[in-house]
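**Q** Pasting a structure below so you can have a look.
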There are 2 protein chains.
Amino acid sequence: MITIKDIADALSMSHSTVSRALNNHKAINEQTRIKVQETAARMGYIPNSGARMMRGLSSRLVGLIVPNVQNEFFSALARVLSNNCALYGYSMMLGISEDDPVREQEQIEALVQSRALGVMIAPSERSTVATRRLLKAIPCVQLLRYEPQLGGLAVRVNEERAIHTATDHLAAQGHRQIGYIGTLETTSTGASRLAGFRAACRDHGGEVDSALIRLGPPSPEYGSQAVHELLSMRPDLTGLVIGSPRQMSGALLALRERGVAIPKQVSIVGYGDTEWFQVATVPLTAMALPVRDMSEQATALLFSAIGNQAGTTTSFPHKELIFEATLVARHSTAMPSVDIAVKS
Amino acid sequence: MITIKDIADALSMSHSTVSRALNNHKAINEQTRIKVQETAARMGYIPNSGARMMRGLSSRLVGLIVPNVQNEFFSALARVLSNNCALYGYSMMLGISEDDPVREQEQIEALVQSRALGVMIAPSERSTVATRRLLKAIPCVQLLRYEPQLGGLAVRVNEERAIHTATDHLAAQGHRQIGYIGTLETTSTGASRLAGFRAACRDHGGEVDSALIRLGPPSPEYGSQAVHELLSMRPDLTGLVIGSPRQMSGALLALRERGVAIPKQVSIVGYGDTEWFQVATVPLTAMALPVRDMSEQATALLFSAIGNQAGTTTSFPHKELIFEATLVARHSTAMPSVDIAVKS
DNA sequence: TTGAAAGCGCTAACAA
DNA sequence: TTGTTAGCGCTTTCAA
C-alpha cells in the first residue's frame, strides 16, 4: 500500500504538501495540486481511513443491526439506509444478529471500535448489559422493535392496535373461534401483537382460549407446524390471525396439506403486507405497514442525531415515532360457512 | 472516549503495560493484568480499531456488494456471509449498488480505504475502470453475476442451461409459442438467460421471434407491464418463461388482471425458487438455484483467499465454480389446451 | 516484569 | 506557498 510519504518521495516534496494537495487545501499551488493528484492516481494511492480517523476526522460510518434480512421490512430498511448513506458519503456496517444477544453485542462492539457515528437497530430479544452500555456512547435509533432499556430514539408500529384491528375484522364477519399464530413474547413486537389479539378476543368473545394461540420463531416451518397443531386441537376454528409475515407461507402450505379451503373453511389475516400476498393461493387480507415511510423517518432521525451530537457530549433526548398499520382487505377473509357458524 | 493512556494515568503506570495487559501478553504480571482489565472495563474503555490497524493489525473487515437485498438470493448470501463473519470475528460492510456502477465504485473505494480484507460482489451492469483497478488490490469473489474484467474468483449458475431447461420443459409439453420475460442483457445473468432461451427456441421451433421477448428491470412492475405487452401482441402465446424472480409477482398479477388461467391458458416457469412460489395463485414450476450451497462455497472461497493472501503479494489465481439449477415441477405448467394447440 | 521510545499514516499548527 | 514538527491511539522493540 502506498502512502503520502511515497508520493512525497517520488515528487521530492514534503508529505504535508501532498496531504494538502490531495485534500484540496486552499493554500496550495495549482500546479503542485495537479501534479500530486496525478501522481497519486498513477501510483494507485488509497487513503488509509484509519489514519485519517486518528487525526480527528469522522469515520463516516453507520451501523445497521437487524435480526435477519430475509424479512421484507428489514431488507427495505437496509435499502433506504444504504441509499441515504450513499447520498452523504457514509459507509454502512451490517450486523445480522439472528436474534442472538451475544452476537448483537459483538457487532455493536465492532461498530463502536470502528468509531461508527450512529446505529440503527432492531434489537434482539434480550439485550446484554454490555450492549446497553455500548449504546450509551453513540446515537441510536430503534426500529420496529423497542427495548426501553436501550433508550434513545424509536420508530415503531402500534403493533397491538394492528393485531386488534386484524382480529376485529374477523370478528366483524362473524368469526368466533379465532386462532393466533405469531412470534414469542420475548420480543416487544411479539408481546404487543399477542396483547392486541387478547384484547380483541376479550372485546368480542369473552375469555381468551390459550389453545387457540401458538407462538414460535418467525419461520415458514413454524407457521406450518402451528397450523397443524391448531387445527388438530381445534377443528372448530374458522379464523386465523398470523402475526408474522415469515410464518405465512408455511401456514398456507399446511392449510393446503390439510385440504382446508380459504376463506370458505378458514379465514386468514396476515401481518405485514408482503409483495407476494396479493398473488398467494388466495389474495391475502393483511395489515399493511408503512415500511418505506418508517425507514425514511428512522434514517432521517438517525442522521439528525448524528449531526446534533457532533458538538455536544450530552446524551440523546428520548423521542418516539409510532405508526399505524392499515387493513388491506382481499379475499382470504369471509363470513364463516353456516354449518360451522351454527356451532358457536 | 477514553484511551489506554487514561487507564495508565489512573493506575499510574506506563501505557505500554496497559496495552500488554489488555492484549493478554505473556510477559505480564497476573495481578497487573487483572487490575488493568478491571479498570478498563470500569472506565468503559473501547479500543480504537483505526489505531490498531495502523500498527499493522488486520482490519477484520470484509465487504459485500450487491445490487439489492430484496432478492432472495442476495439476502440469503448476506446471511451466510454474516454468519461466517461472526464465526471468525469479522465485520461486514454492506454496499447496495442499486446496479449503479458509480455507487458500486464508491462503495469499493470505501472498503479499500478501510483496508477491508476481501470483497464478495455481485457486480453491477458495467464496472468502472476505477472499480477494476481497486479490485486488483484485494481478494474478491464474484457471486452469481460475472464480469470477466474484474477477474478473481467466481461462483455462479449455469444460467444459460437453466433457462434452456425451463424452455425445454414447456416445449416438451407441446408449447410452441413461448414467451420470455427477463432482465436486460447488460448483466451477465440477463444475457446468459436470454441466450438459453434463444438456444432452446432454435432447438425446438426454428427461428426466435423477438416479439415474444421482453427485457426490463427486475421489478414486479416491469413483470406486469411485460405480460400485458406480450399478451396484447401475441394472444396465441401459451407458455411463458420468467427469468427473474422479482418479475414474477407482477407477472402473476397481470395474468390475473387479464383473466388468464394458469396453466389452462398459459403455462409458466419461473427462475429461482423463491419461498412463496409454492403458495402462489398456482404452485409455480421453477428452476431452483442452490442458493445456500453457492453462498457457503463462495464464502469459503473468500475466506481462504483472505487467508492465503496474508503472506504473499501476488495476485490471485482465477477459479470458477459453476452450479446447475434444477427444475421443480409444480402446477403452473401443463399441456396447452386443444383449441390453442391446434393453431400451431 | 515494566518503562521509554519509536513509529504506523495522516492532518494541522506553526514557521519560514 | 511550502516545509518542519507534533501528535492522534496504539503495538512493539529495546533497555532496564
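**Q** What gaps in nm, shortest first, separate B:R202 from its twins in the other copies when you place the label 7 Å past Cα toward the beta carbon?
**A** With the label placed 7 Å along Cα→Cβ, B:R202 yields 7.1 nm.
**Q** Given the peptides A:31-38, B:224-231, arrange them by the average over their residues of other C-beta atoms within 10 Å, most packed first.
**A** B:224-231, A:31-38
**Q** Let me ask something additional. Which of A:A211, A:A51, A:A21 ends up with the largest GNM mean-square fluctuation for chain A, with Cα atoms connected below 10 Å?
**A** A:A21
**Q** Could you pull the Cα extents of segment B:47-171 along its three principal axes, largest to smallest, in whole Å?
**A** 63, 33, 23
**Q** Using the Cα centre of the protein assembly as shown as origin and beta-carbon charges of +1 (Lys, Arg) and -1 (Asp, Glu), tell me which of A:V102, B:V266, A:S337 is placed farthest towards the positive end of the dipole.
**A** Projecting each Cα onto the dipole axis, the largest value belongs to A:V102.
**Q** Taking 20 °C and 1.002 mPa s as the conditions, I'd like the Stokes-Einstein D for segment B:1-72 in µm²/s, using the Kirkwood hydrodynamic radius from alpha carbon pairs.
**A** In µm²/s, the coefficient is 151.
**Q** Relative to the compact globular guide of 2.2 N^0.38 Å, what is the alpha carbon radius of gyration of segment A:159-289, as a ratio?
**A** Against the compact-globule rule of thumb, the ratio is 0.92.
**Q** For all pairs of alpha-carbon atoms in the protein assembly as shown, what percent lies in each bin of width 20 Å, listed from the first bin to the last filled one?
**A** 16, 44, 31, 8, 0
**Q** When only alpha-carbon atoms are used, what values of Rg and Dmax, in angstrom, describe segment A:4-45?
**A** 8.8, 25
**Q** OK, next. Please report, in whole Å, how far the alpha carbons of chain B spread along each principal axis, starting with the longest.
**A** Here the Cα extents, ordered largest to smallest, are 94, 39, 29 Å.
**Q** Antiparallel versus total DSSP beta bridges in the protein assembly as shown: what percent is that, nearest 5?
**A** 10 percent
**Q** A further question follows. Could you check how much of the accessible area of the protein assembly as shown is carbon and sulfur, as a whole percent, using a 1.4 Å probe?
**A** Ligands and nucleic acids excluded, carbon and sulfur give 52 percent.
**Q** Any chance you could check segment B:224-265 for residues losing 20 Å² or more of accessible area when the partner protein chains are in, compared with the chain on its own (1.4 Å probe)?
**A** B:R246, B:S249, B:L253, B:R256
**Q** In nm, give the distance between the simple-model label positions of A:V129 and B:H15, each being 7 Å from the Cα along the Cα-to-Cβ direction.
**A** The answer from the label model is 2.9 nm.
**Q** Distance check, please: which entries in A:K26/A:K136; A:K264/B:K264; A:K5/B:K26; A:K319/B:K35 exceed 28 angstrom between their Cα atoms?
**A** Violating the 28 Å limit, Cα to Cα: A:K26/A:K136; A:K5/B:K26; A:K319/B:K35.
**Q** Can you give me the convex hull volume of the Cα atoms of segment B:88-240, divided per residue and expressed in Å³?
**A** Spelled out: Cα convex hull of segment B:88-240, divided by residues, is 131 Å³.
**Q** Is any residue of segment A:97-135 close enough, with backbone N under 14 Å, to a label point placed 7 angstrom from the Cα of B:A51 along the Cα-Cβ axis, and if so, which?
**A** Residues A:113-115 fall inside that zone.
**Q** Right, here's the next one. Calculate, for B:A137 and A:S337, the FRET efficiency according to 1/(1 + (r/R0)^6) with r their C-beta to C-beta distance and R0 41 Å; round to the nearest 0.05.
**A** After rounding to 0.05, the efficiency reads 0.05.
**Q** Let me ask something additional. Just need the Rg to Rh number for segment B:54-117, please, alpha carbons only, Kirkwood Rh.
**A** Answer for segment B:54-117: 1.01.
**Q** Also, quick follow-up: Between chains A and B, what is the buried accessible area summed over both chains (1.4 Å probe, protein heavy atoms, nearest 100 Å²)?
**A** Separately minus together, A and B give about 4400 Å² buried.
**Q** Taking the Cα centre as origin and putting +1 on Lys and Arg beta-carbons and -1 on Asp and Glu beta-carbons, what dipole magnitude results for the protein assembly as shown, to the nearest 20 debye?
**A** Roughly 1720 debye for the protein assembly as shown.
**Q** Tell me, what is the per residue accessible area of the protein assembly as shown in Å², probe radius 1.4 Å?
**A** Counting only protein heavy atoms, the per-residue value for the protein assembly as shown is 42 Å².
**Q** Please work out the Cα center distance from segment A:108-151 to segment A:177-220, rounded to the nearest Å.
**A** 28 Å
**Q** Also, I was wondering about something else. Treat each spin label as a single point 7 Å out from the Cα along the C-beta direction, and report the A:E320 to A:D293 distance in nm.
**A** 1.9 nm
The values are calculated or read from the model by the stated rules, or taken from the named source; none is laboratory data. What you see is a predicted model, and the numbers here were worked out from it, not measured in a lab. Here Cβ is always computed from backbone atoms with ideal geometry, including for glycine, and neighbour counts include all displayed protein chains. For the accessible areas, the whole protein counts, side chains as well, though only heavy atoms, and no ligand, DNA or RNA atoms are used. Shrake-Rupley method; radii C 1.70, N 1.55, O 1.52, S 1.80 Å.
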